[in-house]
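One structure is given below, encoded as structure tokens.
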Amino acid sequence: MPKIANETDLEYKHRVIDIKSASFCGAKWYNATIWLGSGQTTSCHHPLPHAIDRDEIKTNPKAIHNTQKKKMEREQMQKGERPAGCEYCWKIEDIKTDPFPAAISDRVYKTVIYSDEDLAHAHRTPASEDVNLQTLEIAFDRTCQFACSYCNPAFSSTWVKDIKQHGPYTNLVSDGRNHFTHAHDSSQLYKFGEVNPYVEAFHKWWETDLHRTLKELRITGGEPLMSAETWKLIDWFKTNKGKSTTRLAINSNLGTDVDIDRLLDSIDGVEVDLYTSNESMSLQAEYIRDGLVFDDWANNVERLLDSGRFRGIHVMATVNALCLDSLDSFLEMVMNWKREYGKDAVNFSLNILRFPSFQSLTVLPEDIRLTYHNRLHDFVNGYRHGTEMHEFEWNQLSRLLSYITEVSEAHKEAMSQTILQRDFKNFYQQYDQRRNKNFAETFPALADWYDMI
Ligand code: SF4
């Protein structure tokens, strides 16, 4: 086990990470997200994706992960320098607030899953060498029936339809990356049925040795259960039992039209972890995650828990400006599931949204943030003496509490709060029209402030 008995996350960090360098992170070597539709990759979901070299993968399929950019960043981490793309972690680590252990960033959680020996190997291996992936998140295409407000056409075909039908969102000054102004055709470089060299490289690597070395393969999207490639890969595991020890994990929005029967049937005999996203309750969740029917989602989670066929159900919350209004109730629901199905059967993670920055919680005025902070603090206090939460859940709540009151910018290049607030309103006014929604009715606690922007 990577952690020794009774070791806290902070003690682990001192023992294993800090002795290597001040910026070392195992994810830079052993973890990747790869979007095969666009030919892009990143080390974890925080740094922005970058292009995979299409020529290099013709002779070396491992280059879908071992890109020149990652190799440069590995060298930086070996020297204790901070790669700029990992700003999410540096921001968390630079918060200095007692009594919360703010030094625990995702760098620790994304390193602790690897063995001490493998981490030592990464640290001493010349950065120019290829390494074998251990945990991989892969997306075949962007087919998705949802169009969440914080997502964009690069990751959702329903978002593509919105832009094609209604045109670009206008008057968004801070949307420097133009998330909402075009259909992101570069995210789907090849049509369905066409040969995609990135998909080919993945299969080549998978068949030769990746299925032996990879510890976890997580399929994401879009909505991966709407992609034929996902079902093919699930079938591979079913028909090649014993050939690979890779754990299979699937991200799914568990929307109304996800085929839960087929899923339960397909994974029979295969160990699977299921990751699903949500962060607020009822109508607020349906507002943020357009396409969601909240009760169907909750029923689907319970069906999967009832089936007992999953190693774990992981609820991933993307903490944005709107979800704080019901995040405490939402987490209470997850805690109820823990009580009913067991602490390990279901757990949660809190990812703090940075892009688009006008949807970050930093857009909210101080008094509203303080109200939400206090409400979440009360929720946390209710579990202070209990044992229902895992340490990582507890730490993520603690750092979120610090973030709500201490952090004023979502990221280094974020514009002033006044500009972001204006963009927030400009965006949600258009979103309401296109999606037939009503911001003020859905978030009455924010209505006065919204009105005054
Ligand atoms: S953002 Fe953090 S967790 Fe992700 S690769 Fe960088 S240092 Fe590691």
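Net charge near GLN76: determine it from the other residues with C-beta under 12 Å of the C-beta of GLN76, scoring Lys and Arg +1 and Asp and Glu -1.
Neighbourhood net charge equals +4.
For region 237-243, just list the computed ³J(HN,Hα) in residue order, Karplus coefficients 6.51, -1.76 and 1.60, θ = phi - 60°, integers in Hz, with x standing in for Gly and Pro.
With the stated coefficients, region 237-243 comes to 4, 6, 8, 10, 4, x, 7 Hz.
From the protein chains alone at 1.4 Å, what is the descending order of accessible area for HIS385, HIS182, HIS50, largest first?
HIS385, HIS182, HIS50
Can you compute the modelled spin-label distance between THR208 and HIS377, with each label point 7 Å from Cα toward Cβ, in nm?
5.6 nm
Express the carbon and sulfur contribution to the solvent-accessible surface of the chain as a percent, rounded to the nearest whole number, probe 1.4 angstrom.
50 percent
Could you work out [θ]222 nm for the chain from helices alone, using -39500 (n - 2.57) per DSSP H run of at least four and dividing by all its residues? Round to the nearest 500 deg cm²/dmol.
That comes out to -11500 deg cm²/dmol.
Which lysines, if any, have their Cα less than 30 Å from the Cα of LYS20, not counting same-chain residues under 8 positions apart?
LYS3, LYS28, LYS62, LYS69, LYS70, LYS71, LYS79, LYS91, LYS96, LYS110, LYS215, LYS412
State the extension gain, in nm to one decimal, for the chain segment bounded by ASP55 and SER408, taking 0.36 nm per residue of separation less the distance between their alpha-carbons. Provide the component values of the computation, followed by the final result.
On the way: separation 353, 0.36 × 353 = 127.08 nm, distance 4.22 nm.
Full extension of this stretch gives 122.9 nm more.
Excluding ligands and nucleic acids, what accessible area in Å² is computed for LEU133 using a 1.4 Å probe, to the nearest 10?
Roll a 1.4 Å probe over it and LEU133 shows about 0 Å².
Spit out the partnerless Cys residues in the chain, using Cβ distances under 4.7 Å as the pairing rule.
So, CYS25, CYS44, CYS86, CYS89, CYS144, CYS323.
Over the chain, what is the percentage of antiparallel beta bridges among all DSSP beta bridges, to the nearest 5?
Details: 5 of 36 bridges.
Just about 15 percent of them are antiparallel.
How far, in nm, would the chain grow between ASP116 and SER349 when pulled straight, counting 0.36 nm per residue and subtracting the alpha carbon separation? Show your work: numbers first, answer last.
Numbers: separation 233, 0.36 × 233 = 83.88 nm, distance 2.39 nm.
Length gained between ASP116 and SER349: 81.5 nm.
Hey, what do the phi angles of region 216-226 turn into as Karplus ³J(HN,Hα) couplings, whole Hz, using 6.51/-1.76/1.60 and θ = phi - 60°, x for Gly and Pro?
9, 10, 10, 9, 10, x, x, 9, x, 6, 9
For the chain, what does the accessible surface come to per residue with a 1.4 Å probe? Please give it in Å².
Values: 18890 Å² over 453 residues.
Result: 42 Å² of accessible area for each residue.
What ³J(HN,Hα) values, in whole Hz, does the Karplus curve 6.51 cos²θ - 1.76 cosθ + 1.60 give for region 257-266 when θ = phi - 60°, with x put for Gly and Pro?
Once θ is set to phi - 60°, the couplings for region 257-266 become 9, 6, 7, 5, 4, 4, 4, 4, 5, 5 Hz.
State to the nearest 20 debye the size of the charge dipole of region 1-155 about its Cα centre, where the only charges are +1 on K and R beta carbons and -1 on D and E beta carbons. Before the final figure, lay out the partial values.
Values: 20 positive and 22 negative charges, 49 e Å.
It works out to roughly 240 debye.
Where the only charges are on Cβ atoms (+1 Lys, Arg; -1 Asp, Glu), what is the dipole of region 278-366 about its Cα centre, to the nearest 20 debye?
For region 278-366, the charge dipole is close to 440 debye.
Could you let me know the centre-to-centre spacing of region 51-77 and region 249-317, using Cα atoms, in angstrom?
Cα centroid to Cα centroid, the span is 33 Å.
When 1/r is averaged over all different Cα pairs and the result inverted, which Kirkwood radius in Å belongs to the chain?
Every distinct Cα pair counted, the radius reaches 22.8 Å.
For region 351-399 and region 404-453, what is the centre-to-centre distance using only Cα atoms, to the nearest Å?
19 Å
The values are calculated or read from the model by the stated rules, or taken from the named source; none is laboratory data. Note that the structure is a prediction, hence the values are computed from the model and not measured. Cβ coordinates were reconstructed from backbone atoms using ideal geometry, including for glycine residues, and neighbour counts include every protein chain displayed. Keep in mind that these areas ignore ligands, DNA and RNA; they rest on the heavy atoms of the full protein, side chains included. Shrake-Rupley method; radii C 1.70, N 1.55, O 1.52, S 1.80 Å.
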